[in-house]
1. Name the residues in region 344-361 that are touching a residue at least 40 places away in the same chain (Cβ under 8 Å) and closer than 23 Å to Gln294 by Cβ, would you?
2. Being part of a helix (DSSP H, G or I) and of a type outside the set (Gly, Ala, Ser) is the filter here, so list the residues in region 356-394 that pass it.
3. Taking interchain pairs and intrachain pairs at least six residues apart, which have beta carbon atoms under 7 angstrom, with the first residue in region 182-211 and at positive phi and the second assigned to a loop (DSSP other than H, G, I, E, B)?
4. Find the strands (runs of 3 or more DSSP E) located wholly in region 24-125 whose residues include 3 or more that are open to solvent by 60 Å² or more (accessible area, probe 1.4 Å), modelled with pLDDT of 95 or more and of a type in the set (Ser, Thr, Tyr), and list them.
5. How many of the residues in region 175-187 are more than 16 Å from Glu164 (Cα to Cα) and open to solvent by 40 Å² or more (accessible area, probe 1.4 Å)?
6. Which ranges mark the helices (runs of 4 or more DSSP H) fully within region 134-211 that have 3 or more residues being of a type outside the set (S, T, N, Q) and within 14 Å of Ile107 (Cα to Cα)?
7. I'd like to check something: does region 342-349 contain any residue that is surrounded by 23 or more Cβ atoms within 10 Å (Cβ to Cβ), out of contact with any Cys (no Cβ under 6 Å at 6 or more places or on another chain) and closer than 21 Å to Lys32 by Cβ?
8. Condition (residue is aromatic (Phe, Trp, Tyr) and modelled with pLDDT of 95 or more) applied to region 132-147: is it met by at least one residue?
Amino acid sequence: MIKIKAIIAVVAISFFSLSLTAQVDNENITKKLDKIYKQSSFPGFAVAVIKNDSILFTGAYGYANLREKVKFSENTIMPIASVSKTVIAFSLAKAFELGYFTEQTPINTILPFNISNPHHPNDTIRVEHLFTHTSGIIDDKETFISGYQLSNTPTIALGTFLEEHLDANGRSYSPNNFASEPVGTTYSYSNIAAALAAYLIEVKAKMPFHAFTEKYLFKPLNLQSTSWFYDQDKSDRYAKLYEINVPDLPYYKALMNADKSLKDYCSITYPDGSLRTSLVDLTAYLSEIMSGYQGRSKLMSKAYYAPVFLKRSGKNGQAIMDKGIAQQAMFWNYNNKGRLTHNGSDAGVFAVVSIDVEHNIGRILLINANIDTDNNIKLINSIKEISGVLDTIY
(Lines give C-alpha, C1' and ligand atoms only; values in the text may rest on other atoms or scores of the structure.)
Protein backbone atom coordinates (compact mmCIF):
# COMPACT_ATOMS: atom_id res chain seq x y z
CA MET A 1 0.00 0.00 0.00
CA ILE A 2 2.97 2.26 0.65
CA LYS A 3 5.51 2.59 -2.14
CA ILE A 4 7.05 -0.48 -3.69
CA LYS A 5 10.03 -2.06 -2.00
CA ALA A 6 13.41 -2.13 -3.67
CA ILE A 7 13.04 -5.74 -4.72
CA ILE A 8 9.81 -4.95 -6.56
CA ALA A 9 11.52 -2.11 -8.40
CA VAL A 10 14.23 -4.55 -9.45
CA VAL A 11 11.56 -6.86 -10.87
CA ALA A 12 10.06 -3.99 -12.84
CA ILE A 13 13.46 -3.11 -14.28
CA SER A 14 14.16 -6.68 -15.36
CA PHE A 15 10.67 -7.03 -16.77
CA PHE A 16 11.14 -4.26 -19.29
CA SER A 17 14.88 -4.11 -19.86
CA LEU A 18 15.66 -7.25 -21.79
CA SER A 19 16.89 -7.48 -25.37
CA LEU A 20 14.71 -8.36 -28.35
CA THR A 21 15.34 -11.81 -29.71
CA ALA A 22 12.66 -13.26 -31.96
CA GLN A 23 9.44 -12.81 -33.96
CA VAL A 24 5.95 -13.22 -32.51
CA ASP A 25 4.67 -16.78 -32.13
CA ASN A 26 1.28 -16.26 -30.50
CA GLU A 27 0.45 -19.92 -29.97
CA ASN A 28 3.79 -20.70 -28.35
CA ILE A 29 3.70 -17.55 -26.22
CA THR A 30 0.20 -18.38 -25.01
CA LYS A 31 1.26 -21.89 -24.01
CA LYS A 32 4.26 -20.59 -22.08
CA LEU A 33 2.27 -17.93 -20.23
CA ASP A 34 -0.48 -20.41 -19.42
CA LYS A 35 2.13 -22.76 -17.96
CA ILE A 36 3.60 -19.94 -15.86
CA TYR A 37 0.14 -19.09 -14.57
CA LYS A 38 -0.55 -22.69 -13.53
CA GLN A 39 2.75 -22.86 -11.63
CA SER A 40 2.33 -19.43 -10.02
CA SER A 41 0.29 -18.24 -7.06
CA PHE A 42 -1.40 -15.46 -9.03
CA PRO A 43 -5.20 -15.45 -9.12
CA GLY A 44 -5.00 -13.92 -12.59
CA PHE A 45 -2.96 -11.66 -14.83
CA ALA A 46 -3.02 -9.97 -18.21
CA VAL A 47 -0.26 -8.82 -20.55
CA ALA A 48 0.08 -6.77 -23.71
CA VAL A 49 2.86 -5.83 -26.10
CA ILE A 50 2.43 -3.05 -28.64
CA LYS A 51 4.71 -1.54 -31.26
CA ASN A 52 4.02 1.74 -33.02
CA ASP A 53 0.29 1.54 -33.80
CA SER A 54 0.09 -2.26 -33.75
CA ILE A 55 -0.85 -4.68 -31.00
CA LEU A 56 1.66 -7.51 -31.17
CA PHE A 57 0.20 -9.63 -28.38
CA THR A 58 -2.43 -9.57 -25.64
CA GLY A 59 -3.39 -12.34 -23.28
CA ALA A 60 -5.21 -12.97 -20.01
CA TYR A 61 -4.74 -15.92 -17.69
CA GLY A 62 -6.41 -17.25 -14.58
CA TYR A 63 -9.32 -15.70 -12.76
CA ALA A 64 -10.76 -12.29 -12.07
CA ASN A 65 -12.81 -13.92 -9.30
CA LEU A 66 -11.62 -17.22 -7.84
CA ARG A 67 -14.75 -18.06 -5.85
CA GLU A 68 -17.11 -17.48 -8.76
CA LYS A 69 -14.64 -18.88 -11.35
CA VAL A 70 -14.84 -15.75 -13.49
CA LYS A 71 -12.01 -15.81 -16.02
CA PHE A 72 -9.59 -12.90 -16.26
CA SER A 73 -9.92 -11.31 -19.71
CA GLU A 74 -8.64 -8.36 -21.70
CA ASN A 75 -11.87 -6.58 -20.68
CA THR A 76 -11.54 -7.26 -16.94
CA ILE A 77 -11.36 -3.98 -15.02
CA MET A 78 -8.97 -3.50 -12.11
CA PRO A 79 -7.02 -0.70 -10.40
CA ILE A 80 -3.54 0.04 -11.71
CA ALA A 81 -2.20 1.62 -8.49
CA SER A 82 0.63 4.12 -9.03
CA VAL A 83 0.62 3.70 -12.79
CA SER A 84 -2.23 6.21 -12.36
CA LYS A 85 0.43 8.87 -11.82
CA THR A 86 1.28 8.75 -15.52
CA VAL A 87 -2.20 10.20 -16.11
CA ILE A 88 -1.32 13.07 -13.79
CA ALA A 89 1.76 13.60 -15.98
CA PHE A 90 -0.35 13.81 -19.13
CA SER A 91 -2.76 16.15 -17.35
CA LEU A 92 0.01 18.46 -16.14
CA ALA A 93 1.33 18.75 -19.70
CA LYS A 94 -2.20 19.55 -20.91
CA ALA A 95 -2.47 22.16 -18.15
CA PHE A 96 0.75 23.74 -19.45
CA GLU A 97 -0.74 23.77 -22.94
CA LEU A 98 -3.92 25.39 -21.64
CA GLY A 99 -1.87 28.11 -19.97
CA TYR A 100 -2.85 27.26 -16.40
CA PHE A 101 0.72 27.37 -15.08
CA THR A 102 4.25 26.18 -15.87
CA GLU A 103 6.50 23.68 -14.17
CA GLN A 104 8.31 26.57 -12.47
CA THR A 105 5.16 28.09 -10.99
CA PRO A 106 5.21 28.25 -7.16
CA ILE A 107 2.35 26.08 -5.92
CA ASN A 108 1.21 28.67 -3.38
CA THR A 109 0.32 31.05 -6.22
CA ILE A 110 -2.24 28.46 -7.33
CA LEU A 111 -3.57 26.94 -4.12
CA PRO A 112 -6.44 28.40 -2.08
CA PHE A 113 -4.40 27.55 1.04
CA ASN A 114 -0.72 27.70 1.94
CA ILE A 115 1.91 24.94 2.07
CA SER A 116 5.33 25.53 3.56
CA ASN A 117 7.97 23.07 4.74
CA PRO A 118 8.29 23.86 8.45
CA HIS A 119 11.93 22.77 8.38
CA HIS A 120 12.69 25.19 5.53
CA PRO A 121 9.95 27.85 5.62
CA ASN A 122 11.69 30.14 3.12
CA ASP A 123 11.94 27.45 0.43
CA THR A 124 9.59 27.67 -2.56
CA ILE A 125 7.83 24.51 -3.68
CA ARG A 126 7.26 24.58 -7.44
CA VAL A 127 5.18 22.36 -9.73
CA GLU A 128 8.33 20.59 -10.96
CA HIS A 129 9.18 19.50 -7.44
CA LEU A 130 5.88 17.61 -7.18
CA PHE A 131 6.33 15.54 -10.32
CA THR A 132 10.00 14.76 -9.65
CA HIS A 133 9.32 13.67 -6.05
CA THR A 134 11.63 16.38 -4.69
CA SER A 135 9.06 18.69 -3.07
CA GLY A 136 9.87 17.71 0.49
CA ILE A 137 6.24 16.61 0.95
CA ILE A 138 6.53 13.01 2.08
CA ASP A 139 4.25 10.07 2.76
CA ASP A 140 4.02 10.06 6.53
CA LYS A 141 2.57 6.62 7.27
CA GLU A 142 -0.27 7.87 9.46
CA THR A 143 -1.31 10.53 6.97
CA PHE A 144 -1.06 8.24 3.97
CA ILE A 145 -3.09 5.43 5.50
CA SER A 146 -5.75 7.88 6.67
CA GLY A 147 -6.48 8.55 3.00
CA TYR A 148 -7.93 5.05 2.52
CA GLN A 149 -11.58 4.30 3.17
CA LEU A 150 -13.66 1.11 3.22
CA SER A 151 -16.18 2.39 0.69
CA ASN A 152 -16.68 2.62 -3.06
CA THR A 153 -16.26 6.40 -3.31
CA PRO A 154 -14.29 8.86 -1.17
CA THR A 155 -16.39 10.77 1.34
CA ILE A 156 -13.86 13.61 1.71
CA ALA A 157 -12.89 15.95 -1.13
CA LEU A 158 -9.31 15.83 -2.40
CA GLY A 159 -8.66 19.50 -1.67
CA THR A 160 -10.10 19.25 1.83
CA PHE A 161 -7.82 16.34 2.72
CA LEU A 162 -4.73 18.10 1.38
CA GLU A 163 -5.49 21.35 3.17
CA GLU A 164 -6.17 19.61 6.47
CA HIS A 165 -2.88 17.73 6.36
CA LEU A 166 -0.48 20.15 4.63
CA ASP A 167 -1.61 23.64 5.65
CA ALA A 168 -0.19 24.63 9.06
CA ASN A 169 -3.71 25.66 10.09
CA GLY A 170 -5.21 22.32 9.06
CA ARG A 171 -6.94 20.11 11.61
CA SER A 172 -4.66 17.13 10.83
CA TYR A 173 -1.47 19.04 10.08
CA SER A 174 1.83 17.53 11.14
CA PRO A 175 5.47 18.51 10.48
CA ASN A 176 5.99 14.80 9.84
CA ASN A 177 4.46 15.35 6.40
CA PHE A 178 7.63 17.17 5.37
CA ALA A 179 11.24 16.10 4.88
CA SER A 180 14.05 17.69 6.84
CA GLU A 181 16.08 18.34 3.66
CA PRO A 182 15.69 21.55 1.61
CA VAL A 183 13.12 21.58 -1.19
CA GLY A 184 14.43 20.28 -4.50
CA THR A 185 17.50 18.50 -3.13
CA THR A 186 16.31 15.02 -2.16
CA TYR A 187 14.23 12.39 -3.95
CA SER A 188 11.44 10.93 -1.82
CA TYR A 189 8.62 9.14 -3.63
CA SER A 190 5.41 10.83 -2.54
CA ASN A 191 1.83 9.84 -3.23
CA ILE A 192 0.57 12.89 -1.35
CA ALA A 193 2.64 15.24 -3.53
CA ALA A 194 1.35 13.51 -6.66
CA ALA A 195 -2.24 14.02 -5.53
CA LEU A 196 -1.40 17.67 -4.84
CA ALA A 197 -0.17 18.04 -8.44
CA ALA A 198 -3.55 16.79 -9.63
CA TYR A 199 -5.30 19.20 -7.30
CA LEU A 200 -3.44 22.16 -8.84
CA ILE A 201 -5.09 21.25 -12.14
CA GLU A 202 -8.45 20.97 -10.43
CA VAL A 203 -8.09 24.50 -9.01
CA LYS A 204 -7.12 26.14 -12.30
CA ALA A 205 -9.53 24.14 -14.48
CA LYS A 206 -12.42 24.83 -12.10
CA MET A 207 -13.52 21.24 -12.42
CA PRO A 208 -12.69 18.03 -10.50
CA PHE A 209 -9.54 16.27 -11.63
CA HIS A 210 -11.54 13.20 -12.67
CA ALA A 211 -13.69 15.40 -14.94
CA PHE A 212 -10.58 17.01 -16.44
CA THR A 213 -9.11 13.62 -17.38
CA GLU A 214 -12.43 12.48 -18.79
CA LYS A 215 -12.60 15.58 -21.01
CA TYR A 216 -9.04 15.69 -22.27
CA LEU A 217 -7.97 12.03 -22.24
CA PHE A 218 -10.50 9.28 -21.59
CA LYS A 219 -13.27 10.54 -23.86
CA PRO A 220 -11.00 11.45 -26.81
CA LEU A 221 -9.43 7.97 -26.64
CA ASN A 222 -12.83 6.32 -26.15
CA LEU A 223 -11.67 4.61 -22.95
CA GLN A 224 -15.08 3.31 -21.93
CA SER A 225 -13.74 0.96 -19.25
CA THR A 226 -11.64 3.58 -17.47
CA SER A 227 -12.68 5.62 -14.44
CA TRP A 228 -11.37 6.86 -11.10
CA PHE A 229 -14.31 5.68 -9.03
CA TYR A 230 -16.58 2.67 -8.64
CA ASP A 231 -19.04 2.32 -11.52
CA GLN A 232 -22.04 0.13 -10.72
CA ASP A 233 -22.81 -0.37 -14.41
CA LYS A 234 -19.40 -1.99 -14.97
CA SER A 235 -19.02 -3.75 -11.62
CA ASP A 236 -19.70 -7.18 -13.11
CA ARG A 237 -16.38 -6.80 -14.98
CA TYR A 238 -14.36 -5.80 -11.91
CA ALA A 239 -11.59 -8.12 -10.84
CA LYS A 240 -11.62 -9.31 -7.27
CA LEU A 241 -8.39 -8.27 -5.58
CA TYR A 242 -6.31 -10.66 -3.48
CA GLU A 243 -3.41 -10.80 -1.05
CA ILE A 244 -1.36 -13.94 -1.59
CA ASN A 245 0.83 -13.35 1.46
CA VAL A 246 -1.22 -11.16 3.78
CA PRO A 247 1.00 -8.46 5.35
CA ASP A 248 1.08 -8.50 9.14
CA LEU A 249 -0.07 -4.90 9.38
CA PRO A 250 -2.99 -3.57 11.45
CA TYR A 251 -4.78 -1.76 8.63
CA TYR A 252 -4.88 -4.95 6.53
CA LYS A 253 -7.10 -6.66 9.10
CA ALA A 254 -9.95 -4.33 8.19
CA LEU A 255 -9.41 -4.93 4.46
CA MET A 256 -9.29 -8.71 4.35
CA ASN A 257 -12.00 -11.28 3.73
CA ALA A 258 -11.56 -14.86 4.95
CA ASP A 259 -10.62 -16.11 1.46
CA LYS A 260 -7.75 -13.58 1.17
CA SER A 261 -9.79 -11.38 -1.12
CA LEU A 262 -10.13 -7.71 -0.24
CA LYS A 263 -13.15 -5.69 0.69
CA ASP A 264 -13.94 -2.71 -1.52
CA TYR A 265 -11.78 0.27 -0.69
CA CYS A 266 -11.03 3.68 -2.16
CA SER A 267 -8.59 6.52 -1.64
CA ILE A 268 -9.30 10.19 -0.94
CA THR A 269 -6.08 11.04 -2.79
CA TYR A 270 -7.39 9.04 -5.75
CA PRO A 271 -5.22 10.58 -8.52
CA ASP A 272 -2.10 9.01 -7.02
CA GLY A 273 -3.25 5.42 -7.50
CA SER A 274 -6.96 4.68 -7.94
CA LEU A 275 -7.48 4.55 -11.70
CA ARG A 276 -9.50 1.50 -12.78
CA THR A 277 -9.12 0.25 -16.32
CA SER A 278 -8.99 -2.81 -18.56
CA LEU A 279 -6.10 -4.22 -20.56
CA VAL A 280 -7.87 -3.05 -23.74
CA ASP A 281 -8.12 0.54 -22.50
CA LEU A 282 -4.65 0.60 -20.95
CA THR A 283 -3.20 -0.59 -24.25
CA ALA A 284 -4.92 2.29 -26.07
CA TYR A 285 -3.66 4.73 -23.44
CA LEU A 286 -0.08 3.48 -23.64
CA SER A 287 -0.25 3.72 -27.43
CA GLU A 288 -1.21 7.39 -27.03
CA ILE A 289 1.75 8.03 -24.73
CA MET A 290 4.04 6.35 -27.26
CA SER A 291 2.57 8.56 -29.98
CA GLY A 292 3.25 11.56 -27.78
CA TYR A 293 6.88 10.52 -27.42
CA GLN A 294 7.13 10.21 -31.19
CA GLY A 295 5.47 13.59 -31.75
CA ARG A 296 2.42 12.01 -33.42
CA SER A 297 -0.27 12.65 -30.81
CA LYS A 298 -3.56 14.24 -31.83
CA LEU A 299 -4.41 15.12 -28.22
CA MET A 300 -1.53 17.45 -27.45
CA SER A 301 1.22 19.21 -29.35
CA LYS A 302 4.74 17.82 -29.39
CA ALA A 303 6.12 20.88 -27.62
CA TYR A 304 3.87 20.36 -24.59
CA TYR A 305 4.20 16.57 -24.58
CA ALA A 306 8.00 16.87 -24.45
CA PRO A 307 8.23 17.81 -20.73
CA VAL A 308 6.54 14.51 -19.84
CA PHE A 309 9.58 12.62 -21.15
CA LEU A 310 12.34 15.09 -20.33
CA LYS A 311 15.08 13.57 -18.19
CA ARG A 312 15.56 15.58 -15.04
CA SER A 313 18.82 15.87 -13.11
CA GLY A 314 19.29 16.46 -9.45
CA LYS A 315 21.67 18.76 -7.59
CA ASN A 316 24.96 19.44 -9.40
CA GLY A 317 23.67 17.67 -12.50
CA GLN A 318 23.66 14.23 -10.90
CA ALA A 319 20.81 11.91 -11.82
CA ILE A 320 18.11 11.44 -9.20
CA MET A 321 18.68 7.88 -8.07
CA ASP A 322 16.26 5.64 -6.23
CA LYS A 323 16.03 1.87 -6.46
CA GLY A 324 16.99 1.42 -10.07
CA ILE A 325 15.83 4.80 -11.35
CA ALA A 326 18.53 6.17 -13.63
CA GLN A 327 16.68 9.38 -14.48
CA GLN A 328 13.43 10.96 -13.36
CA ALA A 329 10.95 12.31 -15.89
CA MET A 330 7.47 13.71 -15.17
CA PHE A 331 6.34 11.01 -12.71
CA TRP A 332 7.61 8.48 -15.26
CA ASN A 333 11.21 7.36 -14.80
CA TYR A 334 13.91 5.91 -17.02
CA ASN A 335 15.42 2.72 -15.67
CA ASN A 336 19.06 1.74 -15.95
CA LYS A 337 18.46 0.33 -19.44
CA GLY A 338 16.87 3.54 -20.71
CA ARG A 339 13.27 2.28 -20.69
CA LEU A 340 10.52 4.71 -19.70
CA THR A 341 8.63 2.96 -16.92
CA HIS A 342 6.17 3.21 -14.08
CA ASN A 343 4.96 0.48 -11.77
CA GLY A 344 2.30 0.32 -9.12
CA SER A 345 1.59 -1.69 -6.00
CA ASP A 346 -1.39 -1.42 -3.70
CA ALA A 347 -3.58 -3.74 -1.67
CA GLY A 348 -4.49 -6.53 -4.09
CA VAL A 349 -2.81 -4.89 -7.08
CA PHE A 350 0.42 -5.01 -9.05
CA ALA A 351 0.87 -3.23 -12.39
CA VAL A 352 3.73 -2.27 -14.69
CA VAL A 353 3.83 -0.25 -17.90
CA SER A 354 6.97 0.43 -19.89
CA ILE A 355 8.12 1.88 -23.17
CA ASP A 356 11.27 0.79 -24.95
CA VAL A 357 11.78 4.21 -26.50
CA GLU A 358 14.52 3.01 -28.85
CA HIS A 359 12.28 0.46 -30.56
CA ASN A 360 8.92 2.13 -29.71
CA ILE A 361 7.61 -0.99 -27.97
CA GLY A 362 5.22 -0.82 -25.03
CA ARG A 363 4.63 -3.57 -22.50
CA ILE A 364 1.95 -4.02 -19.84
CA LEU A 365 1.49 -6.44 -16.95
CA LEU A 366 -1.57 -6.44 -14.67
CA ILE A 367 -2.03 -8.78 -11.69
CA ASN A 368 -5.04 -8.77 -9.36
CA ALA A 369 -2.82 -9.46 -6.37
CA ASN A 370 -0.20 -7.58 -4.40
CA ILE A 371 3.39 -8.86 -4.57
CA ASP A 372 4.83 -6.15 -2.31
CA THR A 373 4.89 -8.47 0.70
CA ASP A 374 7.22 -10.59 2.74
CA ASN A 375 8.01 -14.13 1.53
CA ASN A 376 7.43 -13.09 -2.07
CA ILE A 377 10.32 -14.84 -3.83
CA LYS A 378 7.99 -17.21 -5.69
CA LEU A 379 5.87 -14.27 -6.88
CA ILE A 380 8.92 -12.40 -8.12
CA ASN A 381 10.26 -15.45 -9.91
CA SER A 382 6.92 -15.85 -11.69
CA ILE A 383 7.13 -12.26 -12.90
CA LYS A 384 10.65 -12.86 -14.14
CA GLU A 385 9.37 -15.85 -16.11
CA ILE A 386 6.62 -13.72 -17.64
CA SER A 387 9.20 -11.11 -18.57
CA GLY A 388 11.31 -13.75 -20.24
CA VAL A 389 8.39 -14.73 -22.45
CA LEU A 390 7.35 -11.18 -23.34
CA ASP A 391 10.94 -10.39 -24.18
CA THR A 392 10.59 -12.61 -27.24
CA ILE A 393 7.93 -10.34 -28.72
CA TYR A 394 8.98 -7.47 -30.97
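1. Val352, Val353, Ser354, Ile355, Asp356, Val357, His359, Asn360, Ile361
2. Here is the first cut: in region 356-394, the ones part of a helix (DSSP H, G or I) are 377-390.
Once the filter is applied, which keeps residues that are part of a helix (DSSP H, G or I) and of a type outside the set (Gly, Ala, Ser), region 356-394 yields Ile377, Lys378, Leu379, Ile380, Asn381, Ile383, Lys384, Glu385, Ile386, Val389, Leu390.
3. Gly184/Thr134
4. Numbers: elements: 44-51, 54-65, 77-79.
Per the criteria, no element qualifies.
5. Qualifying residue count, region 175-187: 5.
6. On the way: elements: 141-146, 158-166, 191-205.
Those helices (runs of 4 or more DSSP H) span 158-166, 191-205.
7. No, region 342-349 contains no residue that is surrounded by 23 or more Cβ atoms within 10 Å (Cβ to Cβ), out of contact with any Cys (no Cβ under 6 Å at 6 or more places or on another chain) and closer than 21 Å to Lys32 by Cβ.
8. If we filter region 132-147 for residues that are aromatic (Phe, Trp, Tyr), which is where we start, we get 144.
Narrowing further to those that are modelled with pLDDT of 95 or more: none.
No, region 132-147 contains no residue that is aromatic (Phe, Trp, Tyr) and modelled with pLDDT of 95 or more.
The values are calculated or read from the model by the stated rules, or taken from the named source; none is laboratory data. All of these numbers come straight from a predicted model, not from anything done at the bench. Counting neighbours? That spans all protein chains shown, and the Cβs are built from the backbone with ideal geometry, glycine included. Protein only, heavy atoms only, side chains kept; ligands, DNA and RNA dropped before computing areas. Shrake-Rupley method; radii C 1.70, N 1.55, O 1.52, S 1.80 Å.
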